[in-house]
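Here's the structure, in structure tokens; my notes come after.
Derivation of every value follows stated rules applied to the coordinates shown; laboratory data play no part. The shown structure was predicted, so the numbers you read here are calculated from the model rather than taken from an experiment.
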Amino acid sequence: MQPAVALVLAALLVDHAVRVAGDLLNLRALDPVLPPELRDVYDAERYHRAQNYARARLHFGLVTSTAELALTLAFWLLGGFGWLDGLVRRAGLGAVGTGLLFIGALLLGRSTSPSRGGRPSSSRSVSGSIAPADAPS
């Protein structure tokens, strides 16, 4: 295996492992019971629903991110990038046009992936969707 291939593969796997570890820590931190110090601020039922929603999103995100990684690795290891490169080169658009078409095809394939949209952003708090009890819904 070439060093560049090993480096990219390791980066993909480490990135996924770090994200999964973060999601698992977030899951462990979720508590369906409203803390006593927040009972005056949040509605207990809405808090419980928000925690269940966050838990479901994290579970779904784990499944979809793992599926996306598997699809990416399968596409790469089965020669999908070479196949796509050969396909876009046949269009005869020159270096810049071919590069743009190649990137556009990758982005199009990524946006139509079945696992898109299920992963919560790691910069958001899992409890960020909880509104105070007196907030309008």
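Points worth noting:
- Between VAL33 and VAL63, full extension at 0.36 nm per residue minus the direct alpha carbon distance yields a gain of 8.2 nm.
- Net length available on complete extension from TYR53 to ALA6 is 13.2 nm, with 0.36 nm assigned per residue and the Cα-Cα distance removed.
- Here the ratio of the Cα radius of gyration of the range 1-72 to 2.2 N^0.38 Å is 1.58.
- Relative to the current alpha-carbon distance between LEU100 and ALA17, full extension at 0.36 nm per residue lengthens the span by 26.8 nm.
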